[in-house]
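The values are calculated or read from the model by the stated rules, or taken from the named source; none is laboratory data. If you're wondering where the values come from, they're calculated on a predicted model, not measured in any experiment. Note that each Cβ is placed from the backbone with ideal geometry, even for glycine, and that neighbours are counted across all protein chains shown.
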Amino acid sequence: MTPQIEIQKLGKAYPVRGGIFQTQRGSVLALNGVSVSLNAGESLGLVGESGSGKTTLARILAGFLAPSEGRVLWEGRPQSGFSRSEWAGQVQMVFQDPSASLNPKLSVGTLLAEPLRRRVGRDDVAAAVESSLADVGLPPDARSHYPHQFSGGQKQRIAIARALAVGPKLLIADEPVSALDLSVQAQILNLLADLRDRFHLTLILISHDLTVVRQMTDRVLILDKGQTVETGSTEKVLSHPAHGTTRALLDAVPVMLR
């Protein structure tokens, strides 16, 4: 079976500005030879300390950055063969800070209507907006309000609704709860799990919190200094870590949460 998305020996180099990664011809390698594949409906935890390369990898997968080496395949077709809008219709990303990803000048209804118009007829947009809000647990009247009028958790729900409005098959969630209160974190994680099941989404969850990764994902990829140090089923890797980076991340988890 052809994987839904396949990452082949991906590398990304940036001009040297100092840093911890190995240098090569005046550049630093934020990613170096990373490979992984996912079938439709699978979930992957992308884990590493700050600076490990996980966000760079996510931004390449979302189409925001071009790799320096390697390639990304979607159902066997190179990412480079897709237009920007075609790729956005397959892969969407939810960011850590929803306030930064939502245009404060647009109402929630307008934010959702823009991507929904690509999928539904003009006469059906209003109903589709209400349906999108309901999918993330927000009332219909939320469409007339602006992002600053919502709490952090509600903003993240809006950001998730907007990402799903184009009907993607793969959702990348980059530290989606780290900026939220603990009580709200569980609600957003439960929402993502429910949406994954309901829409049969493939999910890539970026986090340094292995408690969240264990709860949410089937497989895990551990990065350190831009390289893969461990990968496999989430339960196997976290129960029997083989690399010091994984053990260090586990040591940072309070014992009662393991």
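Worth pointing out:
- For segment 33-73, taking the residues that are among the hydroxyl-bearing types (Ser, Thr, Tyr), assigned to a loop (DSSP other than H, G, I, E, B) and under 17 Å from the mean Cα position of the chain (by Cα), the one that is farthest from residue 189 (Cα to Cα) is identified as 52.
- Complete set of residues in segment 150-182 that are touching a residue at least 40 places away in the same chain (Cβ under 8 Å) and among the hydroxyl-bearing types (Ser, Thr, Tyr): 178
- Taken together, the criteria place residue 134 among residues that are surrounded by fewer than 15 Cβ atoms within 10 Å (Cβ to Cβ), touching a helix residue (DSSP H, G or I) at 6+ places or on another chain (Cβ under 8 Å) and in a helix (DSSP H, G or I).
Residues checked against (1) outside any loop (DSSP other than H, G, I, E, B); (2) closer than 26 Å to residue 64 by Cβ; (3) of a type in the set (Gly, Ala, Ser):
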position	(1), (2), (3)
173	yes, yes, yes
179	no, yes, yes
186	yes, no, yes
198	yes, no, no
203	yes, yes, no
212	yes, yes, no
223	yes, yes, no
241	no, no, no
248	yes, no, yes
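- A single member of 129, 108, 184, 120 is under 30 Å from residue 56 (Cβ atoms) and hydrophobic (A, V, I, L, M, F, W, C), and it is 184.
- Contacts under 7 angstrom Cβ, first residue in segment 101-128 being over 25 Å from residue 169 (Cβ atoms), partner assigned to a loop (DSSP other than H, G, I, E, B) and at pLDDT 90 or above, 6 or more apart: 104/146; 107/145; 107/146
- Any hit, segment 22-31, residues being under 26 Å from residue 232 (Cα atoms) and in contact with an Asp or Glu (Cβ under 6 Å, 6 or more places away or on another chain): no
- Of all residues in segment 1-32, those satisfying the criterion of being within 23 Å of the chain's Cα centre (by Cα), among the small types (Gly, Ala, Ser) and at pLDDT below 95 are 13, 30.
- Segment 225-236, residues that are under 13 Å from residue 211 (Cα atoms) and either outside any helix (DSSP H, G or I) or in contact with a strand residue (DSSP E or B) (Cβ under 6 Å, 6 or more places away or on another chain) (or both): 234
- Checking each residue in segment 160-208 for being over 19 Å from residue 252 (Cβ atoms), small (Gly, Ala, Ser) and buried (at least 17 other Cβ atoms within 10 Å of the Cβ) picks out 161, 163, 165, 173.
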